[in-house]
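Worksheet for the structure shown next.
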């Protein structure tokens, strides 16, 4: 396979965008610890960990991509696949670690009792790991049959996750304010919307044809995975921070609602 | 295209200047947290994040520039463009992330209520992102028509930003002291002046001719973008710090105005 110089640049810049977004969201979440109450700080630490793990993998993917598709003779020439494989394994290793942790941070920011958190996590974490593991054999095959087979298998834990997030988790929210419940609802929809991108990108080779089966599909898949990672990890981390901050201000406006008194008139 | 060794050195040194200014402004802003009241610290954290993201991109641009224009046979020889493209995408990815964040830090340093901040940010952040996204297609084309078209489109959200910054934001400043209002006014003018450099650098290829259409225009554009970034991010970050510090001293001179009494006469 070969990529035109524009196709190469698109993937290259999106990978770099992912590095910058994820790395500095991780730093921000660590630096903003003092702006939320202690009980919410673990959610920020886990969220920073997720962004940190993803940053590591995007550095690897970026370097790997440059080696797999080296420049041609001129800047406008096509980038031909070299003797170095473009390793989709980085993404799956990343997701295997980060997707369960995303659910851990989601539960952590609710600051439930230990028992209530545990009840949710023993369901969410194994299901998330299983979802990723079952997707990988389908990703690395070029054949339609196994790709569909593993894709469908991987969808089963995904549906179970949705059930736990949208039904069981809702029951744990009694006593939260309307504003907090609305933010939690947004969090879940962002998760669902960004997770929806992965199976679509996964399915491109199934559509086949010159475009989706070739370089065009490759570029769309890499772009789709990267943007979904930015939304599901960096943007999601910022929303986790906001939710932690809203709850901190509600519970202790003296300490955390530190705006100047005069400003309240605005 | 080829660069003379002087032209190469100019861009090379300006890129390194940008790395040094941005990286150490980021460190300073983090280390100076304790010198401002808690309510202003988020502005310093966001400002450090902006400088950090820009530092990352300048490291990338610096390495990319060295690869794109490798040395000739002797130290005085021209640097010919190699087979590795000089990627202007880094700048746009950087601006896409940092320009909205610059507006976030500007609003954060005012320490308004959550609701008042939100009202400004829902206007400023999307307009800033849109301004950058609309500029990119024009930047990467060599044709005059599309460069003008995208340049004009990108100017529309810019004008809207100015309206929000100079009209709506002013209304939120009741109750600030004369000194604080003067500093906020300076901040806005620095932003406007540095942002004014970008469209000028963007327009060089439109002027065309041997100089602006060739290596001379390239050197001026890279120098202009870099200096504008230093002003709009590093210098701007220092001004944000100063404004946070002025307000902290005004509100709590015991804690933050800790200079020796004798110094006030100096």
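Given the criteria within 30 Å of residue A:35 (Cα to Cα) and in a helix (DSSP H, G or I), does residue B:133 qualify? The answer is no for residue B:133.
Rundown of residues vs (1) over 25 Å from the mean Cα position of the chain (by Cα); (2) within 14 Å of chain B (Cβ to nearest Cβ); (3) touching a residue at least 24 places away in the same chain (Cβ under 8 Å); (4) farther than 26 Å from residue B:39 by Cβ, yes/no style:
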| position | (1), (2), (3), (4) |
| --- | --- |
| A:207 | no, no, no, yes |
| A:212 | no, no, no, yes |
| A:215 | no, no, yes, yes |
| A:223 | no, yes, yes, yes |
| A:233 | no, no, yes, yes |
| A:237 | no, yes, yes, no |
| A:241 | no, yes, yes, no |
| A:244 | no, yes, yes, no |
| A:251 | yes, no, yes, no |
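When residue B:111 is tested against (1) farther than 30 Å from residue A:35 by Cα; (2) not in a helix (DSSP H, G or I), exactly one condition is not met: (1). Kindly check whether there is at least one residue in the stretch A:78-88 that is surrounded by fewer than 22 Cβ atoms within 10 Å (Cβ to Cβ), touching a helix residue (DSSP H, G or I) at 6+ places or on another chain (Cβ under 7 Å) and assigned to a helix (DSSP H, G or I). No.
Just one of the numbered conditions (1) more than 22 Å from residue B:98 (Cα to Cα); (2) within 11 Å of chain B (Cβ to nearest Cβ) is not true of residue A:43: (2). Restricting to the stretch B:29-40, name every residue that is within 17 Å of residue A:27 (Cβ to Cβ) and within 11 Å of chain A (Cβ to nearest Cβ). Once the filter is applied, which keeps residues that are within 17 Å of residue A:27 (Cβ to Cβ) and within 11 Å of chain A (Cβ to nearest Cβ), the stretch B:29-40 yields B:29, B:30, B:33. Given the criteria over 25 Å from residue B:26 (Cβ atoms), within 13 Å of chain A (Cβ to nearest Cβ) and not in a helix (DSSP H, G or I), does residue B:142 qualify? Yes.
Close contacts from the stretch B:117-142, counting a first residue that is over 11 Å from residue B:156 (Cα atoms) and a second that is in a loop (DSSP other than H, G, I, E, B), with Cβ to Cβ under 6 Å and a gap of 6+ residues or different chains, come to B:139/B:88.
Going by the conditions given, is residue A:26 free of Cβ contacts under 8 Å to residues at least 24 places away in the same chain, farther than 20 Å from residue B:81 by Cα, within 14 Å of chain B (Cβ to nearest Cβ) and crowded, with 21+ Cβ neighbours inside 10 Å? Criteria not met by residue A:26. Looking only at the stretch B:106-121, residues that are more than 11 Å from chain A (Cβ to nearest Cβ) and farther than 16 Å from residue A:246 by Cβ come to 3 in all. So, in the stretch B:29-72, how many residues would count as being farther than 30 Å from residue A:36 by Cβ, part of a helix (DSSP H, G or I) and touching a residue at least 24 places away in the same chain (Cβ under 8 Å)? Selection size over the stretch B:29-72: 8. What do you reckon, is residue B:97 within 21 Å of residue B:192 (Cα to Cα) and without any contact (Cβ under 8 Å) to a residue 60 or more places away in the chain? The answer is yes for residue B:97.
If you go through the stretch B:57-96, how many residues are in contact with a strand residue (DSSP E or B) (Cβ under 8 Å, 6 or more places away or on another chain) and within 11 Å of chain A (Cβ to nearest Cβ)?
Within the stretch B:57-96, the subset in contact with a strand residue (DSSP E or B) (Cβ under 8 Å, 6 or more places away or on another chain) is B:69-72, B:78-81.
Now drop any that are not within 11 Å of chain A (Cβ to nearest Cβ), which leaves B:81.
Number satisfying all stated conditions: 1.
Residues to consider are B:26, B:32, B:43, B:37; find the one that is at pLDDT 95 or above, within 25 Å of residue A:245 (Cα to Cα) and over 16 Å from the mean Cα position of the chain (by Cα). The conditions single out B:32.
The values are calculated or read from the model by the stated rules, or taken from the named source; none is laboratory data. Fair warning: this is a prediction, and the values are worked out from it, not measured in the lab. Because the Cβ atoms are built from the backbone with ideal geometry, glycine has one as well, and the counts that use them run over all protein chains shown.
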